[in-house]
């Protein structure tokens, strides 16, 4: 009994209000919300693979008689019925769900047959529901088969005015065939589409042997079968692990192909030959869930950002079939490298994460492996089979009751007519005289007299015998698990024939083909390889002219007024150019980054941060196994590997440590056959010693190559001792002289040396 109080701080409680701690109330309500999100919105039921909104859409369309044999009706009518009778949510969400059921690039087996703009693979949205029309597909009909046969329970709608099925009873394996995705509270699901015939094949294995192992099932279920085709390139072990645990993922790649061959298979190179020896790549299928329009934009952005230099252009030439054309920079580009680069840099290779999180028969979310999933689905189908048989038995019993009454009426036809004509209340008289049930008497009374003459004893008894025999078979079916499995097998085999791999709808679209992960492609491989002549002027302007210009043609290079050639070198566009400065720092520039040779080029200092007081002493292309002889004006030097002096940033790399006042003066490549070093000083003293006496270093000052009293080192060079030491003759003759007798100058490293042979250049240089 409620009490009242006059205390203002403790007013009377509101009728119906329950006093409870805030934390407890909040947690309870959040739990209710979370459970409703999980069970009534986000996760599919393993029995039919549908979420409530999809189930209500199909049920509403069935109620509207939108069968495949009937005409289309406006999508707005369907959406209106769904949100008005079954699903009190926004029309946009319901229509979006309906659109997805109609998209043949979203569902492997569409459940809605749409007419009008239902979106496309480019990523465009569907038209408004007032402009589109829809009806059910054959697949949807198969999924709902048996709704009128007592196979499933019905529940009241949200307002109690109507009923809706709790589950769809059809034999079509929709969960795996069409897949599902959704995010709930604290959990999610992501199931790829599969081939229905393969799923049914695996189910038949479990019917024959419920203890079959996963490898037996995977002989049928090869992997996902996406509506957009493509290739699944994971290993068999990775696929098996994903299906065993219910968690994993699949690498899906686009299909490079020029089309199908005469035997029905795909051409697998994707290389389309063009006149003049050129070629282009053709993409015929893209990964599932990737919008074609965004994919093309992604590739085009790579071209704009110059992140894929070997790619020239991308075009969409799709009509009825998908066709994306990839045009390389030149015909010399390696197609495999271009493919691998696109796989790595774009969504032409994507990953579909597998999460087999579904609601079981008790509406409990579970992550299941393929074996458990198919086992529970078969259990549900057995339940449906038994309930259908029980419903049919009840119908037969009802009919047998009436048939028995009709037979009695036929045998006593005259008396029945007399009773009807003479008695005010004929029903109780008939029941008492012929021992009829109320339903039998009512059925006889409801018949027209003229229909009585149509009753024939033989037909009635034949119907009675047929129904009795059918009932006996159904009773045996209900009581025998083995008969149930046999019957289910026959039904599944019939269904597999409809969706067989040899049918247009059932043919596998995705190829399962193991491939190595997309590898890192070196930048050199992404650059079109062609010969160039790199030109560096004394004022520091650099450019690259196509082709290898012979040395005797270098004089024809044009420069700005007052400028002239400093260095020229033959290289390939794939080469890295080493720039050595007099302060001992090395810089690296890609030959493909240099401006063309039509103008004067660009200042080198805009590309690398060379100190304003330093001058360039060498420019040469780097090789992987190349070596350099480095020497400073102080007479110190060492050997460096080219690969170790390549700089990664524009600030360069400090390689040679110099004494105060010294400069880096010699940077010469070492030939493979070279075994000796010759050094000449500003004092015209020459020394020759074995190259083995010079250490190999990545950075440092080096060792003393030649000792000086005054001046410093002028030049140094490596050579093959057996072939002699050569130097250029003076003048413009271009002749060289080779001195083979070098015994007088052959000393230990660090010696002062002696005067060079007669005819040695006055500039104390070997070139």
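Below are the figures for this structure:
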| item | result |
| --- | --- |
| Filter pass, residue 67 being touching a strand residue (DSSP E or B) at 6+ places or on another chain (Cβ under 9 Å), closer than 18 Å to residue 142 by Cβ, crowded, with 21+ Cβ neighbours inside 10 Å and at pLDDT 80 or above | no |
| Number of the exception - residue 330 against (1) touching a strand residue (DSSP E or B) at 6+ places or on another chain (Cβ under 7 Å); (2) farther than 20 Å from residue 249 by Cβ | (1) |
| Residue check, residue 238 surrounded by fewer than 18 Cβ atoms within 10 Å (Cβ to Cβ), within 21 Å of the chain's Cα centre (by Cα) and closer than 22 Å to residue 347 by Cα | yes |
| Breaking point among (1) surrounded by fewer than 19 Cβ atoms within 10 Å (Cβ to Cβ); (2) not in a strand (DSSP E or B), for residue 327 | (2) |
| Candidates 746, 707 - the one that is surrounded by fewer than 16 Cβ atoms within 10 Å (Cβ to Cβ), closer than 25 Å to residue 662 by Cα and modelled with pLDDT of 90 or more | 707 |
| Residue within the stretch 581-589 that is out of contact with any helix residue (DSSP H, G or I) (no Cβ under 9 Å at 6 or more places or on another chain) and surrounded by fewer than 19 Cβ atoms within 10 Å (Cβ to Cβ) present | yes |
| Residue in the stretch 341-351 that is under 29 Å from residue 49 (Cβ atoms) and surrounded by fewer than 17 Cβ atoms within 10 Å (Cβ to Cβ) present | yes |
| Matching residues, the stretch 74-125, being within 26 Å of residue 158 (Cα to Cα) and not in a helix (DSSP H, G or I) | 74, 87, 88, 89, 90, 111, 112 |
| Filter result for the condition that a residue is part of a loop (DSSP other than H, G, I, E, B), under 44 Å from the mean Cα position of the chain (by Cα) and in contact (Cβ under 8 Å) with a residue 40 or more places away in the chain, over 651, 659 | 651 |
| Subset of the stretch 323-344 (residues that are modelled with pLDDT of 95 or more and in contact with a helix residue (DSSP H, G or I) (Cβ under 8 Å, 6 or more places away or on another chain)) | 324, 326 |
| Enumeration of residues in the stretch 603-643 that are in contact with a helix residue (DSSP H, G or I) (Cβ under 8 Å, 6 or more places away or on another chain) and assigned to a strand (DSSP E or B) | 616, 621, 627, 628, 639 |
| In the stretch 211-235, residue surrounded by the fewest Cβ atoms within 10 Å (Cβ to Cβ) [restricted to those that are in a helix (DSSP H, G or I) and touching a residue at least 24 places away in the same chain (Cβ under 8 Å)] | 215 |
| Among (1) surrounded by 23 or more Cβ atoms within 10 Å (Cβ to Cβ); (2) assigned by TED's automatic domain parsing to the domain that holds residue 108 - the single one residue 165 does not satisfy | (1) |
| Filter result for residue 254 (surrounded by fewer than 19 Cβ atoms within 10 Å (Cβ to Cβ) and over 30 Å from residue 37 (Cβ atoms)) | no |
| Helices (runs of 4 or more DSSP H) contained entirely in the stretch 356-450, each with at least 3 residues that are closer than 30 Å to residue 178 by Cα | 370-411 |
| Single condition residue 208 does not satisfy, out of (1) more than 31 Å from the chain's Cα centre (by Cα); (2) free of Cβ contacts under 8 Å to residues at least 60 places away in the same chain; (3) not assigned by TED's automatic domain parsing to the domain that holds residue 108 | (2) |
| Residues being without any contact (Cβ under 8 Å) to a residue 60 or more places away in the chain and buried (at least 21 other Cβ atoms within 10 Å of the Cβ) - total across the stretch 286-298 | 1 |
| Qualifying residue in the stretch 637-644 (condition: outside the structural domain of residue 306 (by TED's automatic domain parsing), within 27 Å of residue 682 (Cα to Cα) and free of Cβ contacts under 8 Å to residues at least 40 places away in the same chain) | no |
| Residue within the stretch 667-690 that is in a helix (DSSP H, G or I) and surrounded by fewer than 22 Cβ atoms within 10 Å (Cβ to Cβ) present | no |
| Among (1) within 28 Å of residue 123 (Cβ to Cβ); (2) outside the structural domain of residue 321 (by TED's automatic domain parsing) - the single one residue 271 does not satisfy | (2) |
| Filter pass, residue 617 being under 22 Å from residue 670 (Cα atoms), surrounded by 15 or more Cβ atoms within 10 Å (Cβ to Cβ) and outside the structural domain of residue 711 (by TED's automatic domain parsing) | yes |
| Number of positions in the stretch 44-73 that are part of a loop (DSSP other than H, G, I, E, B) and touching a residue at least 12 places away in the same chain (Cβ under 8 Å) | 14 |
| Residues satisfying the stated conditions in the stretch 171-188, i.e. surrounded by fewer than 23 Cβ atoms within 10 Å (Cβ to Cβ) and at pLDDT 90 or above | 171, 181 |
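Yes/no matrix, rows are residues, columns are (1) at pLDDT 90 or above; (2) part of a strand (DSSP E or B); (3) closer than 25 Å to residue 633 by Cα:
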position: 715; (1), (2), (3): yes, yes, yes
position: 718; (1), (2), (3): yes, yes, yes
position: 727; (1), (2), (3): no, yes, yes
position: 731; (1), (2), (3): no, no, no
position: 737; (1), (2), (3): no, yes, no
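Let's see how each residue does on (1) closer than 28 Å to residue 501 by Cβ; (2) touching a helix residue (DSSP H, G or I) at 6+ places or on another chain (Cβ under 7 Å); (3) modelled with pLDDT under 95; (4) crowded, with 20+ Cβ neighbours inside 10 Å:
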residue	(1), (2), (3), (4)
61	no, yes, no, yes
91	no, yes, yes, no
98	no, yes, no, yes
103	yes, no, no, no
122	no, yes, yes, no
127	no, no, no, no
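Residue-by-condition table, conditions (1) under 21 Å from residue 370 (Cβ atoms); (2) assigned to a helix (DSSP H, G or I); (3) under 22 Å from the mean Cα position of the chain (by Cα):
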residue	(1), (2), (3)
161	no, no, no
171	yes, no, no
176	yes, yes, yes
181	yes, no, yes
190	yes, no, yes
199	yes, yes, no
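The values are calculated or read from the model by the stated rules, or taken from the named source; none is laboratory data. From a predicted model like this one, the values you see are computed outputs, not experimental measurements. So basically every Cβ, Gly included, is an ideal-geometry build from the backbone, and we count neighbours across all protein chains shown.
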